[in-house]
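One structure is given below, encoded as structure tokens.
Please treat every number below as a calculation from the coordinates, not as lab data. As the structure is a prediction and not an experimental result, all values here were calculated from the model. Heads up, the Cβs are rebuilt from the backbone with ideal geometry, glycines too, and the neighbour counts pull from every protein chain shown.
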Amino acid sequence: MLRIAVPNKGSLSVAASELLREAGYRQRDDSKRLTLIDEENGVEFFYLRPRDIALYVGEGTLDIGITGRDLLLDSGAKADEVIGLGFGRSRFHFAGRAGAFTSVEELRGKRIATSYVGVVSAFLEREGIDASVTRLDGAVETSIQLGVADAIADVVETGSTMRQAGLEIFGEPIMHSEAVVITRSGAQLPSAYETFRRRLDGVLIARSYVMMDYDIRAEDLAQASAMTPGLEGPTVSPLHREGWVAVRAMVPRKGSQKLMDDLYAVGARAILLTEINACRI
Ligand SMILES: Nc1ncnc2c1ncn2[C@@H]1O[C@H](COP(=O)(O)OP(=O)(O)OP(=O)(O)O)[C@@H](O)[C@H]1O
Ligand SMILES: O=P(O)(O)OC[C@H]1O[C@H](OP(=O)(O)OP(=O)(O)O)[C@H](O)[C@@H]1O
Ligand SMILES: [Mg+2]
């Protein structure tokens, strides 16, 4: 059986289970449940803290994990990111009281609080900055007000937690994160992994692509099909109208409305955009 770790709580948990459900796997319907066997697909799911997942996968106890890229790097586990999942996107930033810092150089000799000691220490070492790093479990933003730290390094999505705590980010983002699938470095994975990977790729593609159909005069086909190259090439079929053809191609969802305008402008008509529910590429 393929053994897969899924976040049991936190920002990634619901979206990870939704993705797996869309990919045809059984998922728990009770958030207190910590393991689940999907007999039909030959998979056992383990619902674990996102922070611990890289450790289990790195040790080889579990084959696959879904966690945050930031948590994977922070753990130092011997596991690699194999698929970016496009949700749980965040940036990782230093912040201080409004106006207190303008650059990371000013962190020298200062106290920094964070839940990501691995990421922060590696960054400071790379930059040659000597500072003391304190580990906190969460709600790191409050530590400055409470006098435990001069600056913090934390996850920022909308920035509203920082703003409400009266803090301001400074310097470039230390990293960009999203939910990722991880496997143990150099591991020989069970053959079921390939099916898992193809299913997930299928869901991700179905989410980011749509199907575009249109009719066009044969003489305008070259110009229009260059705008809709599809994955392998567009499907072009005869139309029951002299001098016209029907074209079908997958196109990125992003920008698809503008693409319809542009196709219309080069002579395409009966332009249809439909959802892809699932696919194997
Ligand atoms: N507001 C957010 N938006 C997007 N991603 C986030 C956000 N907060 C955290 N993350 C990401 O979610 C992952 C795990 O963080 P999360 O906060 O869910 O775990 P946790 O702090 O252990 O759980 P909890 O917050 O429930 O105690 C990390 O990869 C992090 O980058
Ligand atoms: O930029 P924002 O949209 O405000 O999101 C960022 C906040 O979300 C996370 O907190 P979480 O709710 O996970 O609490 P925690 O700090 O206790 O983990 C993260 O640690 C930040 O505090
Ligand atoms: Mg959190």
State, as an integer percentage, the relative contact order of the range 30-77 based on alpha-carbon contacts under 8 Å between residues 6 or more apart. 28 percent
The range 209-275, dipole about Cα centre (Lys/Arg Cβ +1, Asp/Glu Cβ -1), debye to the nearest 20: 160 debye
Within straight-line cross-link reach of K9, lysines at Cα separation under 24 Å, skipping those fewer than 8 residues along the same chain: K32, K78
Sequence-distant residues sharing a close amide H with I174 (under 5 Å, placed H): F92, H93, F94
For I216, I129, I64, what ranking results if the residue with the fewest other Cβ atoms within 10 Å of its Cβ goes first? I129, I216, I64
Given Cβ charges of +1 for Lys and Arg and -1 for Asp and Glu, the option among A218, G243, T274 whose Cα lies farthest towards the positive end of the dipole of the range 209-275 is T274
Please compute the contact order of the range 1-154 in relative form: average sequence separation of alpha-carbon pairs under 8 Å and at least six residues apart, divided by the residue count, as a percent. 20 percent
Counting only DSSP beta bridges with both partners in the chain, the antiparallel fraction in percent, to the nearest 5, comes to 75 percent
Please sort by residue number the GluC sites (Glu not before Pro) in the range 22-113 whose DSSP state is loop and whose Cβ has at most 13 other Cβ atoms within 10 Å. E39, E40
Magnitude of the Cβ-charge dipole (Lys and Arg +1, Asp and Glu -1) of the range 72-149 about the Cα centre, nearest 20 debye, reported as 160 debye
Plugging the Kirkwood radius over Cα pairs into Stokes-Einstein for the chain, at a temperature of 4 °C and a viscosity of 1.567 mPa s, what D comes out in µm²/s? 59 µm²/s
Computed from the beta carbon distance with a Förster radius of 25 Å, FRET efficiency for A15 and E81 to the nearest 0.05 stands at 0.90
The range 90-176: radius of gyration and largest Cα-Cα distance (Dmax), Å: 11.4, 31
Percent RCO, i.e. relative contact order, over the chain, from Cα pairs under 8 Å lying at least 6 residues apart: 19 percent
Quick check on the chain: helices-only [θ] at 222 nm, where DSSP H runs of length 4 and up contribute -39,500 (n - 2.57) each and the sum goes over total residues. Nearest 500, please. -8000 deg cm²/dmol
So for the range 90-176, taking the charge dipole from beta-carbon charges (+1 Lys/Arg, -1 Asp/Glu), which of G171, G99, V148 sits furthest toward the positive end? V148
Using a basic spin-label model with each label point 7 Å from the Cα along Cα→Cβ, how many nm lie between L231 and I37? 3.4 nm
Could you tell me which of G109, S185, A23 has its Cα farthest along the dipole of the chain towards the positive end, charges placed at Cβ (Lys, Arg +1; Asp, Glu -1), taken about the Cα centre? A23
Check W244: other-chain or 5+ apart residues with amide H under 5 Å from its amide H, H built from backbone geometry? A218, L239
Rank-order 112-122, 186-196 by packing density, defined as the average count of other C-beta atoms within 10 Å over each peptide's residues, highest first. 112-122, 186-196
Work out the FRET efficiency for I129 and H176 from their Cβ-Cβ distance, taking R0 = 30 Å, and round it to the nearest 0.05. 0.90
